[in-house]
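Q: Take this structure, written in structure tokens, and hold onto it; I'll ask about it next.
The values are calculated or read from the model by the stated rules, or taken from the named source; none is laboratory data. The structure presented is a predicted model; accordingly, all values stated were derived computationally and were not measured. Quick reminder, even Gly has a Cβ in these numbers, built from the backbone with ideal geometry, and neighbours come from all protein chains shown.
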Amino acid sequence: MKVNPQYNTKETLLELYNKPLLELVFEAATIHRQHHNPREVQMSSLLSIKTGGCSEDCSYCPQAARYNTGVNADKLMTVDTVIEQATNAKNNGSSRLCMGAAWREVKDNRDFDNVIEMVQQVNSMGLEVCCTLGMLTDDQAKRLKNAGLYAYNHNLDSSEEYYSDVISTREYHDRLNTIENVRGAGISVCSGGIIGMGEKVDDRIGLLMSYMKMDNPPESIPINALVAVEGTPLEEQKEIESWEIIRMVATTRIAFPESIVRLSAGRTSLSIETQGLCFMAGAGSIFAGDKLLTTPNPEFNEDSQMFDILGLIPKKPFQDGCQPETHKDEIIEQKKVLAEKRKKELQEARENAIKNNFKPRVFKTVDSIKNEEQLSK
Ligand code: SAM
Ligand code: DTB
Ligand code: SF4
């Protein structure tokens, strides 16, 4: 039961969302226990591999170049640094590493080749690898899959109706296309939204309805509470009530019984009691580690204490699917062969030049010619 047929219309979902809170939590907890081990919570670490300078205008995002948020535009992180961070995440109990890039879309360039290498290496460490890099073509999705990517995160964020109030530089169907490309490549889909951006309850239901309409809904659905960052158009948004987060988690849990619901951004403002109710209501995953992409998140130690108090245990990797195989990337391999060929040709040219006693032509600057003329007068 990927989607719950009892709640596959806007009306029934809205009715569910508005149920008396404890009834809603009880129904969600019941469904959760039928499909998942309620003591297990997946810990996924986020790593911003390319921070800031993004060309998009997502009103919530501190990484959009056009907003003054104090986030600098960095270059892509090196593969070595990624491995260091992945090791740290693994040692702290994370079973998944999600690498994020502040890109509108992936471009077929050297940076993408490096991301492919990161995916290959992190997968070989026995971690589930997830990426969130913006829009993807069919071929790019296939390359990522071939490298060993387990999941791809691409959020619809809100309802189609509310989307244009939040983002103007791309359209809802662009996001849907990428999700289709990811699905087509056989990668697990992670897609969810943000609440607390000023949207109506109808828009939260609209977001869930977008997933309801898919042949295959996402395997994981992150529910983010807006982190209102100074400098973004949403900086003045009032913090959302914890009850609304619990309602959204519970409704998502009931509507998509087999998906993993991730209690995502916004946990620093939630008490252990509130988070406990979210786990009770079916949240089965969190982002772990003291940083999301650019904003704070509870420290590993705090979460470890919370797990002890609530009797939760970190979920092991690859419980819901096999570890993907890592294959050589054809494009990178071709580039390597070409580079090797060029190196050899250069070497041969150098050796020939020495053999033939070749004297390189020396070019003079206009100024030095004038100088010589002056001197000879
Ligand atoms: N650039 C890529 C993209 O937009 O898909 C990947 C990175 S982007 C930061 C990933 C997701 O983070 C967004 O889709 C959004 O749901 C979430 N996000 C960004 N800023 C946020 C904020 N201030 N509060 C909550 N969630 C946020
Ligand atoms: C998701 O749904 N939430 C994460 C992850 N997917 C990429 C991102 C949250 C970002 C919060 C703002 C920041 O730290 O920059
Ligand atoms: Fe760019 Fe992604 Fe942030 Fe939008 S959410 S501004 S696409 S990094």
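Q: Suppose we filter S159, S168 for residues that are more than 18 Å from the chain's Cα centre (by Cα), at pLDDT 95 or above, surrounded by 19 or more Cβ atoms within 10 Å (Cβ to Cβ) and among the small types (G, A, S); which single one remains? Give the steps one after another, and end with the answer.
A: Numbers: S168 fails: surrounded by 19 or more Cβ atoms within 10 Å (Cβ to Cβ).
Answer to the check: S159.
Q: For the condition loosely packed, with under 11 Cβ neighbours inside 10 Å, away from ligand 2 (no atom under 16 Å from the Cβ) and either among the acidic types (D, E) or at pLDDT 95 or above (or both), what is the one hit in D329, D308, D320?
A: D308
Q: Hey, another quick one. Every residue in the stretch 1-26 that is basic (K, R) and crowded, with 17+ Cβ neighbours inside 10 Å, please.
A: K19
Q: Suppose the filter is away from ligand 3 (no atom under 16 Å from the Cβ), closer than 19 Å to D108 by Cα and surrounded by fewer than 23 Cβ atoms within 10 Å (Cβ to Cβ); does D174 pass it? Let's see the steps before the verdict.
A: On the way: away from ligand 3 (no atom under 16 Å from the Cβ): no; closer than 19 Å to D108 by Cα: yes; surrounded by fewer than 23 Cβ atoms within 10 Å (Cβ to Cβ): yes.
In short, no.
Q: I would also like to ask the following. Based on what the data block shows, is K343 surrounded by 10 or more Cβ atoms within 10 Å (Cβ to Cβ) and in a helix (DSSP H, G or I)? Break it down stepwise before answering.
A: Values: surrounded by 10 or more Cβ atoms within 10 Å (Cβ to Cβ): yes; in a helix (DSSP H, G or I): yes.
Spelling it out, K343 is indeed surrounded by 10 or more Cβ atoms within 10 Å (Cβ to Cβ) and in a helix (DSSP H, G or I).
Q: Are there any pairs with C-beta distances below 6 angstrom linking a residue in the stretch 288-303 that is more than 13 Å from S44 (Cα to Cα) and in the same structural domain as M43 (by TED's automatic domain parsing) to a residue that is part of a loop (DSSP other than H, G, I, E, B) and aromatic (F, W, Y), with the two at least 6 apart or on different chains, and if so which?
A: Partner pairs satisfying both residue conditions: none exist.
Q: For the stretch 146-173, which positions are away from ligand 2 (no atom under 16 Å from the Cβ) and either assigned to a loop (DSSP other than H, G, I, E, B) or farther than 19 Å from L234 by Cα (or both)?
A: N146, A147, G148, S159, S168, T169, R170, E171, Y172, H173, listed by residue number.
Q: Here is a further query. Would you check if there is a residue in the stretch 112-119 being modelled with pLDDT of 95 or more and part of a strand (DSSP E or B)? Outline the logic, then answer.
A: Within the stretch 112-119, the subset modelled with pLDDT of 95 or more is 112-119.
Next, only the ones that are part of a strand (DSSP E or B) stay: none.
There is no residue in the stretch 112-119 that is modelled with pLDDT of 95 or more and part of a strand (DSSP E or B).
Q: Filter the stretch 23-53 down to the residues that are of a type in the set (S, T, N, Q) and not in a strand (DSSP E or B), then identify the one that is nearest to the chain's Cα centre (by Cα).
A: First, the residues of the stretch 23-53 that are of a type in the set (S, T, N, Q): 30, 34, 37, 42, 44-45, 48, 51.
With the extra rule that they be not in a strand (DSSP E or B), the set shrinks to 30, 34, 37, 51.
Details: T30: 30, Q34: 28, N37: 25, T51: 12 Å.
Looking at the filtered set, the residue picked out is T51.
Q: Additional query: With the requirement that a residue be in a strand (DSSP E or B), crowded, with 21+ Cβ neighbours inside 10 Å and within 13 Å of ligand 1 (Cβ to nearest atom), what does the stretch 54-108 give you? So that I can check it myself, show each step before the final result.
A: Filtering the stretch 54-108 down to residues in a strand (DSSP E or B) leaves 54, 64, 96-101, 105.
So of that shortlist, the ones also crowded, with 21+ Cβ neighbours inside 10 Å come out as 54, 64, 96-101.
Scanning the stretch 54-108 gives C54, A64, C98, M99, G100, A101.
Q: Pick from the stretch 174-196 the residues that are among the small types (G, A, S) and within 16 Å of ligand 2 (Cβ to nearest atom): which of them is nearest to D139 (Cα to Cα)? Full working, then the answer.
A: Here is the first cut: in the stretch 174-196, the ones among the small types (G, A, S) are 184-186, 188, 191-193, 196.
After this cut, where a residue has to be within 16 Å of ligand 2 (Cβ to nearest atom) as well, the list is 188, 191-193, 196.
Numbers: S188: 16, S191: 20, G192: 24, G193: 26, G196: 35 Å.
Of everything passing the filter in the stretch 174-196, S188 is nearest to D139 (Cα to Cα).
Q: Here's something else I'd like to know. Would it be correct to say that I272 is modelled with pLDDT of 95 or more, of a type in the set (A, V, I, L, M) and within 19 Å of M209 (Cβ to Cβ)?
A: On the way: modelled with pLDDT of 95 or more: yes; of a type in the set (A, V, I, L, M): yes; within 19 Å of M209 (Cβ to Cβ): no.
No: the conditions fail for I272.
Q: Inspect all residues belonging to the stretch 308-325 and state whether any of them is touching a Pro at 6+ places or on another chain (Cβ under 8 Å), aliphatic (A, V, I, L, M) and either within 22 Å of N224 (Cα to Cα) or assigned to a loop (DSSP other than H, G, I, E, B) (or both).
A: Residues of the stretch 308-325 that are touching a Pro at 6+ places or on another chain (Cβ under 8 Å), as a first pass: 323.
From the residues that got through so far, the ones that are aliphatic (A, V, I, L, M) too are none.
Within the stretch 308-325, none of the residues are touching a Pro at 6+ places or on another chain (Cβ under 8 Å), aliphatic (A, V, I, L, M) and either within 22 Å of N224 (Cα to Cα) or assigned to a loop (DSSP other than H, G, I, E, B) (or both).
Q: Can you tell me which of (1) in contact with a Ser or Thr (Cβ under 9 Å, 6 or more places away or on another chain); (2) charged (D, E, K, R); (3) more than 26 Å from Q319 (Cβ to Cβ) is the one E11 doesn't meet?
A: Going through (1) in contact with a Ser or Thr (Cβ under 9 Å, 6 or more places away or on another chain); (2) charged (D, E, K, R); (3) more than 26 Å from Q319 (Cβ to Cβ) one by one, E11 breaks only (1).
Q: Can you tell me which residue among E230, E239 is at pLDDT 95 or above and out of contact with any Leu (no Cβ under 9 Å at 6 or more places or on another chain)?
A: On the way: E239 fails: out of contact with any Leu (no Cβ under 9 Å at 6 or more places or on another chain).
Unique residue meeting the criteria: E230.
Q: Among (1) of a type outside the set (F, W, Y); (2) within 11 Å of ligand 1 (Cβ to nearest atom); (3) assigned to a helix (DSSP H, G or I), which single condition is N224 missing?
A: It is condition (3) that N224 fails.
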